[in-house]
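The values are calculated or read from the model by the stated rules, or taken from the named source; none is laboratory data. All of these numbers come straight from a predicted model, not from anything done at the bench. We place every Cβ from the backbone using ideal geometry, glycine too, and count neighbours over all the protein chains shown.
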Amino acid sequence: MVSINLTVNNQQHSLEVEDRALLADVLRDDLKLTGTHIGCDTSQCGCCTVLLDGNSIKACTLLAAQADGCSITTIEGLASDQNLHPVQKAFSDCHALQCGFCTPGMIMATVDLLERHPDPDIATVRKNLEGNLCRCTGYVNIEKAVLQAAKLKRGQ
């Protein structure tokens, strides 16, 4: 067992975890933040994407001990005061989901993308989301949602 300290969605957590525990499992099982989905355990699908110190990572391939001292944002930490984050709003408005399984990872990857590229073109969107798989939508509405979220974040 190893002691770790995490800040998750702006809340401090001190935990004792197995040294082989994955961050995705700690978030889901220990902290009960089940919005972080596990779809493949091999970093292929991106359903487990969270922000680690502001950068999107796949939580199914990172040991929780490696995140010791870090700040993590999950899908549960995006909305504030009952208001959706602009990316969440755009995904809803653009119908960028069907079953919703990939949605938390897509949204978290999009938040990171828009921090680095506030006004992306479609090629940038496709390149930056290529590690997140959706088995339902065909990506058209996801791409629209990302571009819409960029406009919302810029106040347009």
### Message
Show the residue pairs meeting these rules: Cβ distance below 8 Å; 6+ apart or different chains; first residue within region 68-79 and on the phi > 0 side of the Ramachandran plot; second residue surrounded by fewer than 20 Cβ atoms within 10 Å (Cβ to Cβ).
### Response
69/5
### Message
List the residue pairs whose Cβ atoms are under 9 Å apart, where the first residue sits in region 22-45 and is free of Cβ contacts under 8 Å to residues at least 40 places away in the same chain and closer than 20 Å to residue 65 by Cβ, the second is surrounded by fewer than 22 Cβ atoms within 10 Å (Cβ to Cβ) and of a type in the set (Lys, Arg), and the two are 6 or more positions apart or on different chains.
### Response
38/28
### Task
Return a yes/no flag: does region 65-78 have any residue that is more than 29 Å from residue 2 (Cβ to Cβ) and either among the hydroxyl-bearing types (Ser, Thr, Tyr) or in contact with a helix residue (DSSP H, G or I) (Cβ under 6 Å, 6 or more places away or on another chain) (or both).
no
### Query
Within the set of pairs 6 or more residues apart or between chains, which connect a residue that is within 14 Å of residue 54 (Cα to Cα) inside region 113-128 to a residue that is not in a helix (DSSP H, G or I) with Cβ atoms less than 8 Å apart?
113/56; 113/120; 114/120; 115/54
### Summary
In region 79-94, anything at pLDDT 95 or above and not hydrophobic (A, V, I, L, M, F, W, C) is listed as 85, 86, 88, 89, 92, 93
### Query
If you go through region 80-88 one residue at a time, do you hit one that is touching a residue at least 40 places away in the same chain (Cβ under 8 Å) and surrounded by 14 or more Cβ atoms within 10 Å (Cβ to Cβ)?
yes
### Message
Just checking: which of the strands (runs of 3 or more DSSP E) contained wholly in region 26-78 hold 3 or more residues that are surrounded by 22 or more Cβ atoms within 10 Å (Cβ to Cβ) and at pLDDT below 95?
### Response
none
### Summary
The residue that is farthest from the chain's Cα centre (by Cα), considering only those in region 139-156 that are over 13 Å from residue 106 (Cβ atoms) and of a type in the set (Gly, Ala, Ser), is 155
### Query
Do you know which residues across region 139-150 are in a helix (DSSP H, G or I) and free of Cβ contacts under 8 Å to residues at least 60 places away in the same chain?
140, 141, 142, 143, 144, 145, 146, 147, 148, 150
### Message
If I filter region 27-51 down to residues being of a type in the set (A, V, I, L, M, F, W, C) and farther than 14 Å from residue 76 by Cβ, which single residue comes out as nearest to the chain's Cα centre (by Cα)?
### Response
47
### Query
Taking region 93-138 as the region of interest, how many residues are over 24 Å from residue 28 (Cα atoms), in a helix (DSSP H, G or I) and not hydrophobic (A, V, I, L, M, F, W, C)?
7
